[in-house]
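The values are calculated or read from the model by the stated rules, or taken from the named source; none is laboratory data. What you see is a predicted model; the values in this text were computed from it and never measured. A quick note on method: Cβ atoms are made from the backbone with ideal geometry, for glycine too, and the neighbour counts reach across all protein chains shown. Keep in mind that these areas ignore ligands, DNA and RNA; they rest on the heavy atoms of the full protein, side chains included. Shrake-Rupley method; radii C 1.70, N 1.55, O 1.52, S 1.80 Å.
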Amino acid sequence: MTAAPLLTVGNLQAWYGRAHILMGVDLQVGRGEVVALMGRNGAGKTTTMKAVMGLLDARTGSVGFDGRDVSALPPHRIARLGLGYVPEDRRVFTDLTVEENLEVGRQPPRAGAPAWTPERLYALFPNLAEMCGRRGGRMSGGEQQMLTLARTLMGNPSLLLLDEPSEGLAPRIVQQMADAVRALKAEGLSILLSEQNLAFAGAVADRACVIEKGRIRFDGPMRTLLDDEEARRAYLAV
Ligand code: ATP
């Protein structure tokens with residue numbers, strides 16, 4: 001028997017005003033699995049993540065996390081249960097140092113998993129270690145993206161929602177981000193990441209879900225998507 005998925009999203013629908021954006025999204029993330037939610041600009045990736053996190057009021061459908069229905073909970077309660085959300089736009093405290101930014105994110109450890117500390121995070125992100133005394137406002141966009149991820153990890157999540165982690169990063173930083181995602185998977189974290197970059201997603205994800213106009217059009221092994229030129233051309237910008 002296979003273990004129940006950590007995240008189960010069923011018939012998720014969402015609206016912005018009168019615009020119906022998510023038309024019934026179904027997806028799952030297994031324990032220890034990295035799933036890439038892929039799709040073109042405006043397909044509904046960010047909206048899916050926000051809806052899972054409880055950040056949208058106009059939403060129907062089910063969101064199950066770790067065996068519990070979280071669809072009616074506010075975002076801070078969902079976060080406390082172990083869902084860490086790293087939004088597309090960087091969220092660092094510009095007046096605080098790297099180390100202080102990390103401390104802001106500190107939450108109690110999760111049973112059965114070692115707590116994240118600044119030291120462990122510096123081992124994962126060596127460039128953050130080099131600038132631990134620098135203020136957030138004096139970092140590049142890519143460095144701020146790393147810091148936002150590191151600060152979210154200080155909350156000891158069991159599932160990470162990473163919205164477009166490679167977007168706008170210099171190639172060298174994209175590589176570091178891919179290495180970090182693989183290291184987090186090796187630590188046992190489950191990850192749902194939204195991506196348009198097929199090379200990045202292909203390098204880190206076990207499975208791909210492709211969303212188009214608010215509906216999942218493909219759900220299968222990443223390898224299958226990489227090998228399926230027709231699906232890639234139909235649903236992705238490649
Ligand atoms: P991107 O890569 O551009 O972020 P995405 O797949 O994440 O794409 P979403 O941001 O989820 O797409 O957007 C889905 C649709 O919802 C788009 O048509 C977008 O214009 C619309 N949309 C997003 N945010 C809002 C908003 N605050 N108000 C109204 N419409 C919105």
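Give segment 139-171 a look and list any residue that's without any contact (Cβ under 8 Å) to a residue 40 or more places away in the chain and either open to solvent by 40 Å² or more (accessible area, probe 1.4 Å) or more than 16 Å from the ligand (Cβ to nearest atom) (or both), or say none. Steps first, please.
Taking segment 139-171 as the starting set, the residues that turn out to be without any contact (Cβ under 8 Å) to a residue 40 or more places away in the chain are 140, 142-143, 146, 166, 168-171.
SER140, GLY142, GLU143, MET146, GLY168, ALA170, PRO171 - these are the residues of segment 139-171 that are without any contact (Cβ under 8 Å) to a residue 40 or more places away in the chain and either open to solvent by 40 Å² or more (accessible area, probe 1.4 Å) or more than 16 Å from the ligand (Cβ to nearest atom) (or both).
Taking GLU103, is it more than 16 Å from the chain's Cα centre (by Cα), touching a residue at least 12 places away in the same chain (Cβ under 8 Å), open to solvent by 70 Å² or more (accessible area, probe 1.4 Å) and more than 16 Å from the ligand (Cβ to nearest atom)? First the steps, then the outcome.
Values: more than 16 Å from the chain's Cα centre (by Cα): yes; touching a residue at least 12 places away in the same chain (Cβ under 8 Å): yes; open to solvent by 70 Å² or more (accessible area, probe 1.4 Å): yes; more than 16 Å from the ligand (Cβ to nearest atom): yes.
Yes; evaluated as a whole, the condition is true for this residue.
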Of all residues being touching a residue at least 24 places away in the same chain (Cβ under 8 Å) and among the small types (Gly, Ala, Ser) in segment 37-52, which is farthest from the ligand (Cβ to nearest atom)? Just the residue, please.
ALA51
In segment 1-48, which strands (runs of 3 or more DSSP E) lie fully inside it and hold 3 or more residues that are farther than 23 Å from ASP206 by Cβ and of a type in the set (A, V, I, L, M)?
19-29
Restricting to segment 1-31, name every residue that is buried (at least 16 other Cβ atoms within 10 Å of the Cβ), more than 16 Å from the ligand (Cβ to nearest atom) and touching a residue at least 60 places away in the same chain (Cβ under 8 Å).
LEU6, LEU7, VAL29, GLY30, ARG31
Taking segment 175-197, which residues are under 21 Å from GLY39 (Cα atoms) and either in a loop (DSSP other than H, G, I, E, B) or within 16 Å of the ligand (Cβ to nearest atom) (or both)?
LEU192, LEU193, SER194, GLU195, GLN196, ASN197
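Looking at segment 56-63, is at least one residue under 27 Å from ALA205 (Cβ atoms), within 14 Å of the ligand (Cβ to nearest atom) and of a type in the set (Gly, Ala, Ser)?
Of the residues in segment 56-63, the ones under 27 Å from ALA205 (Cβ atoms) are 56, 59, 61-63.
Applying the additional criterion that residues be within 14 Å of the ligand (Cβ to nearest atom) yields 56, 59.
When the remaining residues are screened for being of a type in the set (Gly, Ala, Ser), the result is none.
No, segment 56-63 contains no residue that is under 27 Å from ALA205 (Cβ atoms), within 14 Å of the ligand (Cβ to nearest atom) and of a type in the set (Gly, Ala, Ser).
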